[in-house]
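Undergrad: Below are the structure tokens for one structure; questions will follow.
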Amino acid sequence: MLMINDLRNSFLNFFKERDHKIIPSSSLVPKEDPTLLFTTAGMVQFKPMFAGSVKLEYRRAASVQKCFRTSDLENVGKTKRHCTFFEMLGNFSFGDYFKKEAIRWAWDYSTDTLSFSKDDIWVSIYLDDDEAFEIWHKDIGVSENKIIRLGKEDNFWGPAGESGACGPCSELYLDRGAEYGCSSPDCKPGCDCERFLEYWNLVFNQYNQDVNGKLNPLPQTGIDTGMGLERLATLVQNVDSIYETDELYSLVKYICNESSLKYENDNITPINIIVEHSRALCFAISDGAYPSNEGRGYVLRRLLRRALRFTRMIGITEPFIHKIVDPIVEIMGECYPELRKTSSNVKSVIQGEEKRFLETLEIGMERLSEIIDELKQKQKKQISGKDAFVLYDTYGFPLEMTVEIASESDLEVDMSGFEIEMNIQKERGKQSWKGSDAGHEKFFESLSVKAGETEFTGYDENITESDILLIGKDEDIVDCLCEKETGIIITKATSFYGEAGGQVGDRGIIKSSGGNVFKVTDTKRVNNTIIHEGEVQSGEFKTNDMVQTEIENIERNLTRANHTATHLLQAALRKTLGDHVHQAGSRVEPDRLRFDFTHFNPMSREEIEEVESLVNHKIWESLAVNTEIMTLDKATETEALAVFDEKYEDIVRVVGIADYSKELCGGTHVDNTGKIGIFKILREASPGAGVRRIEAVTLKGLWTKNKAQENILHKLSKELNVPESDIPYKVESIINRLNNLEKEIKKQKRESLVCEVDSMIEKAVITNGIKVISHQFEGIDTDEMRRLSDIIRSKEQDSLVCFGSKVNNKALLLFAATNNAVKKGVDCGKMLKQVAKIVGGGGGGRKDMAQAGGNNPETIGKALEEAVKLASNI
Ligand code: SER
């Protein structure tokens, strides 16, 4: 029997023998198509080649492509064949062969390699595609009645994403026999039943659909075929569902072993869902996607949360999905080595996400059951948008999950009501951070449109001569800016760097002859217009004045050093932590730098030290920093690192440091790493899930930091009256002395308390022959209270002790009773349960001993009074 891996290999070999270049799968996160969340088909990586927008280096290709589709997500696991993640076998022609060869090879591979019976293969073609009909019928010999003509819905492949190659298609079906069918006399390919299973789609690319949906003829026709590997394997291995094919079944078995469940009855759907979703998550996270609340991150979050709902259904309440990463890597790591490289990160990401959701899943499910019960009682059919939103916002239930659970009880969700709630929240969010900046931004936008592109000369010059294009003041364009007035100046060319790509804007002065000086306090960049903000210090400035832009030289040098250090840092992080590290944000200032990157775990001390040392070595090697201008395509080819989600123009700047680092970057840099001097990481923390942040300093930043530390040491040395080198020993000895003193004080306090025991007993209230002794302490812990209660109980055979103590602004309660008192009906645990509420807490225990804690130490007295009252009712 052909196993999944045999299918991959046989397919690629078959087309290799027919002169196809074997191309590895591209990432699930499409790098060059912002309109696509995920790679949805084998053809995605070849879109530019079909469109004819790149030079072709080969005209035939074949691949096994990782794909991810989200349509029908709620069916995944419930049906036998739907997947979110799947592999697609495909062969492609870019202006080379067309229908004849594509059809012939699909037939030969099916009948020769896969040994499908010729009689069992049916085909469909596009309504008016007579050419395909002729080939299938005349060249291949498929009988007329087995060639079905289907409409646009079934047999016209639309583009992947908003635009791209498309065309009519022809599909191959395998007739699995009447026993799989619906027995309808009309049953044939296209029928919804299980008899005719579509397994291969041959697309004859003839058009390029533009973003407006218009079809334009392609400069050259092409072939794009796609065959879902899992689906093919069910046919070849003659099993009932994709979950019974060899690789997925290994995962089913893993889950059964771990959970001691059998793959039968009600367990089947949950296990399928867990298998499918964990594999999809593993591949997507390995390719750099992270669970979040937006875009592809949200899809992953939905998948994981859906999977967790079903793990709970089969009785697993602990984080579990991350455990399946290892078996997935074991099974598929050979074909997809990136899985091996990233597995520990993938595991951490999943585990972290699992933990977060499981914290609220239980309560969320309870809340949702209540909502459903209430609706049923009132015979209502719809969950309100508000309730669905609370489930989303407070308990982390993706809307689609609420919809799916609701539908299991025949209920709907008010989707538009949900949307309204979501918008209200978004607005609230916007108001709280945007403030009044929106008007300002709009003004800058309009200035940029008016002024057009500014020439930036600051890579090579500190001072540039130019004339003033526009002057702005209080959100108006004006002709002149007078002394002491603040405003903005836009020149034709400038040496000032406008804030962009994380690097802060330059400061400095703009001056003109006659002593006119405008102090630039910040520089912004809007589109490609550079805008100087500041104040006229002397004289005045008019439109068309000839001026000199002069940056603050030292600050810029420091910024340069920090920017180049950021590049070295990214390279060192990738070396130390792995290639999953990508820039997720940055801030480069003269005095410090901040770098956010994708990585899940906090860095260990050793990792931080290694990164620091790598960066410093590259600095001390004094490596040349080169910048090159090239096309985006060329930059991508040379594997220069780009910032994900950033839109680049066609011509880009690539900054390279020897063969150590290469990044697309428009910022300013030192020309030699030696100028960075020294690099030090100050902090490593997490600004959000899946992202870590490093704050670091070089040159002046480090000098300032050192001076501050020096001051602290100096002060300590003076206060402690020892040389700086002795400070650690001196501090240690002080701490020891303090500890001893504390112990001594405690001992004395304890002794004095024992003396007080008699007076406590004297104050007892006697009820039903039981002495109820209550007392409130300060700073006495539970152990100490227990010790005192033991002394009292040994002295008084019929006693109940009710103690309370305020410790670290918290309330502690301890009740203890003698055996006699218990016999007379005292139950400390029960009493405490009622009383603990008064101190804002909870607790419990046995009849003879119970303890509790709470947050309101002010009410200890009241709680003790209540305890005495309860005792009197026994
Ligand atoms: N693009 C087509 C599909 O995905 C054929 O590869 O079905």
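The values are calculated or read from the model by the stated rules, or taken from the named source; none is laboratory data. Note that the structure is a prediction, hence the values are computed from the model and not measured. In this analysis, Cβ positions are derived from the backbone assuming ideal geometry, glycine residues included, and neighbour counts consider all displayed protein chains.
Undergrad: Considering Val54, Val64, which residue is more than 16 Å from the ligand (Cβ to nearest atom) and either of a type in the set (A, V, I, L, M) or closer than 24 Å to Asp633 by Cβ (or both)? Outline the logic, then answer.
TA: Values: Val64 fails: more than 16 Å from the ligand (Cβ to nearest atom).
Every option except Val54 fails the conditions.
Undergrad: Please pick out the residue among Val329, Val325, Val349, Val403 that is β-branched (Val, Ile, Thr) and over 20 Å from Gly690 (Cβ atoms). Give the derivation first.
TA: Numbers: Val329 fails: over 20 Å from Gly690 (Cβ atoms); Val325 fails: over 20 Å from Gly690 (Cβ atoms); Val349 fails: over 20 Å from Gly690 (Cβ atoms).
Unique residue meeting the criteria: Val403.
Undergrad: Hey, another quick one. Can you name the residue in segment 28-46 that is within 18 Å of the chain's Cα centre (by Cα) and at pLDDT 85 or above and, of all such residues, is farthest from the ligand (Cβ to nearest atom)? Give the derivation first.
TA: First, pick out the residues of segment 28-46 that are within 18 Å of the chain's Cα centre (by Cα): 28-31, 34, 36-39.
Filter once more, so that each one left must be at pLDDT 85 or above: 28-30, 37-39.
Working: Leu28: 15, Val29: 18, Pro30: 14, Leu37: 16, Phe38: 13, Thr39: 11 Å.
Only one residue fits best here, namely Val29.
Undergrad: Would you confirm, using the coordinates I've provided, whether Glu153 is surrounded by fewer than 22 Cβ atoms within 10 Å (Cβ to Cβ) and within 16 Å of the ligand (Cβ to nearest atom)?
TA: Values: surrounded by fewer than 22 Cβ atoms within 10 Å (Cβ to Cβ): yes; within 16 Å of the ligand (Cβ to nearest atom): yes.
Yes, satisfied.
Undergrad: Modelled with pLDDT of 95 or more, closer than 25 Å to Tyr207 by Cα and within 14 Å of the ligand (Cβ to nearest atom): does that describe Ser71?
TA: On the way: modelled with pLDDT of 95 or more: no; closer than 25 Å to Tyr207 by Cα: yes; within 14 Å of the ligand (Cβ to nearest atom): yes.
Judged against the criteria, Ser71 is not a match.
Per-residue answers, yes or no, for (1) within 14 Å of the ligand (Cβ to nearest atom); (2) in contact (Cβ under 8 Å) with a residue 24 or more places away in the chain; (3) assigned to a strand (DSSP E or B):
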{"residue": "Tyr109", "(1), (2), (3)": "no, yes, no"}
{"residue": "Phe116", "(1), (2), (3)": "no, yes, no"}
{"residue": "Gly167", "(1), (2), (3)": "yes, yes, yes"}
{"residue": "Ser170", "(1), (2), (3)": "yes, yes, yes"}
{"residue": "Glu179", "(1), (2), (3)": "no, no, no"}
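Undergrad: Tell me yes or no: at least one residue of segment 77-97 is crowded, with 22+ Cβ neighbours inside 10 Å, away from the ligand (no atom under 15 Å from the Cβ) and either at pLDDT below 95 or acidic (Asp, Glu) (or both).
TA: Yes: one or more hits.
Undergrad: At least 2 residues that are loosely packed, with under 15 Cβ neighbours inside 10 Å and modelled with pLDDT under 95 in each: list the strands (runs of 3 or more DSSP E) lying fully within segment 615-722 that qualify. So that I can check it myself, show each step before the final result.
TA: Details: elements: 625-631, 651-657, 661-664, 679-688, 691-698.
It comes to 625-631, 679-688.
Undergrad: Hey, another quick one. Given (1) more than 18 Å from Ala836 (Cα to Cα); (2) at pLDDT below 95, where does Ser799 come up short, assuming only one miss?
TA: Answer for Ser799: the failing condition is (2).
Undergrad: Restricting to segment 237-250, name every residue that is β-branched (Val, Ile, Thr) and either crowded, with 21+ Cβ neighbours inside 10 Å or in a strand (DSSP E or B) (or both).
TA: Initially, segment 237-250 is screened for residues β-branched (Val, Ile, Thr), giving 239, 242, 245.
The answer is Ile242, Thr245.
Undergrad: Condition first: farther than 25 Å from His563 by Cβ and among the β-branched types (Val, Ile, Thr). Now tell me which residues in segment 444-488 satisfy that.
TA: If we filter segment 444-488 for residues that are farther than 25 Å from His563 by Cβ, which is where we start, we get 445-447, 449-452, 465, 467-487.
Hits for segment 444-488 are Val449, Ile468, Ile471, Ile477, Val478, Thr486.
Undergrad: Would you pick out the residues in segment 489-502 that are at pLDDT 95 or above and of a type outside the set (Lys, Arg)?
TA: Of the residues in segment 489-502, the ones at pLDDT 95 or above are 489-498.
The answer is Ile489, Ile490, Thr491, Ala493, Thr494, Ser495, Phe496, Tyr497, Gly498.
Undergrad: State the number of residues belonging to segment 181-208 that are more than 16 Å from the ligand (Cβ to nearest atom), of a type outside the set (D, E, K, R) and surrounded by fewer than 19 Cβ atoms within 10 Å (Cβ to Cβ).
TA: Let us first name the residues in segment 181-208 that are more than 16 Å from the ligand (Cβ to nearest atom), namely 181-188, 191-196.
Going one step further and asking which of them are of a type outside the set (D, E, K, R), we end up with 181-185, 187, 191, 193, 196.
Okay, now just the ones that are also surrounded by fewer than 19 Cβ atoms within 10 Å (Cβ to Cβ), so 181-185, 187, 191, 193.
Qualifying residue count for the region: 8.
Undergrad: For segment 8-27, which residues satisfy the criterion of being in a helix (DSSP H, G or I), under 20 Å from Phe86 (Cβ atoms) and touching a strand residue (DSSP E or B) at 6+ places or on another chain (Cβ under 7 Å)?
TA: Hits for segment 8-27 are Arg8, Phe11, Leu12, Phe15.
Undergrad: Let me ask you something else. Could you check Tyr126 against (1) away from the ligand (no atom under 16 Å from the Cβ); (2) surrounded by 15 or more Cβ atoms within 10 Å (Cβ to Cβ) and say which number it fails?
TA: Single failed check for Tyr126: (1).
Undergrad: Show me the strands (runs of 3 or more DSSP E) entirely contained within segment 768-870 in which 2 or more residues are under 29 Å from Lys747 (Cα atoms) and free of Cβ contacts under 8 Å to residues at least 40 places away in the same chain. Talk me through it step by step, then tell me what you get.
TA: Details: elements: 770-778, 799-807, 810-817, 841-845, 849-854.
Counting at least 2 such residues, we get 770-778, 799-807, 810-817, 841-845.
Undergrad: Only one of these conditions is not met by Leu174: (1) surrounded by 16 or more Cβ atoms within 10 Å (Cβ to Cβ); (2) within 19 Å of Pro48 (Cβ to Cβ); (3) more than 16 Å from the ligand (Cβ to nearest atom); (4) hydrophobic (A, V, I, L, M, F, W, C). Which number is it?
TA: (2)
Undergrad: Where residues in segment 209-231 are in a strand (DSSP E or B) and within 14 Å of the ligand (Cβ to nearest atom), which of them is nearest to Arg81 (Cα to Cα)? Full working, then the answer.
TA: First pass over segment 209-231, keeping only residues in a strand (DSSP E or B): 209, 215-228.
In the following step, the residues that additionally are within 14 Å of the ligand (Cβ to nearest atom) were identified as 209, 222-228.
Values: Gln209: 30, Gly222: 29, Ile223: 25, Asp224: 22, Thr225: 19, Gly226: 16, Met227: 13, Gly228: 10 Å.
Only one residue tops the list, namely Gly228.
Undergrad: A further question on this structure: Among the residues of segment 482-507, which ones are over 20 Å from Glu441 (Cβ atoms) and buried (at least 24 other Cβ atoms within 10 Å of the Cβ)? Can you show your working first?
TA: First, the residues of segment 482-507 that are over 20 Å from Glu441 (Cβ atoms): 482-485, 491-495, 506-507.
Within segment 482-507, Thr491, Thr494, Ser495, Asp506 meet the criteria.
Undergrad: From the list Glu244, Glu258, exactly one residue is of a type in the set (Asp, Glu) and either touching a strand residue (DSSP E or B) at 6+ places or on another chain (Cβ under 6 Å) or modelled with pLDDT under 95 (or both). Which is it? Lay out the reasoning, then the answer.
TA: Numbers: Glu244 fails: either touching a strand residue (DSSP E or B) at 6+ places or on another chain (Cβ under 6 Å) or modelled with pLDDT under 95 (or both).
The match here is Glu258.
Undergrad: Moving on to the next point. What are the pairs with Cβ atoms under 9 angstrom where one residue, in segment 150-164, is on the phi > 0 side of the Ramachandran plot and the other, located anywhere, is of a type in the set (S, T, N, Q) and buried (at least 17 other Cβ atoms within 10 Å of the Cβ)? Sequence gap at least six, or different chains.
TA: The qualifying pairs are Gly161/Thr40; Gly164/Asn208; Gly164/Gln209.
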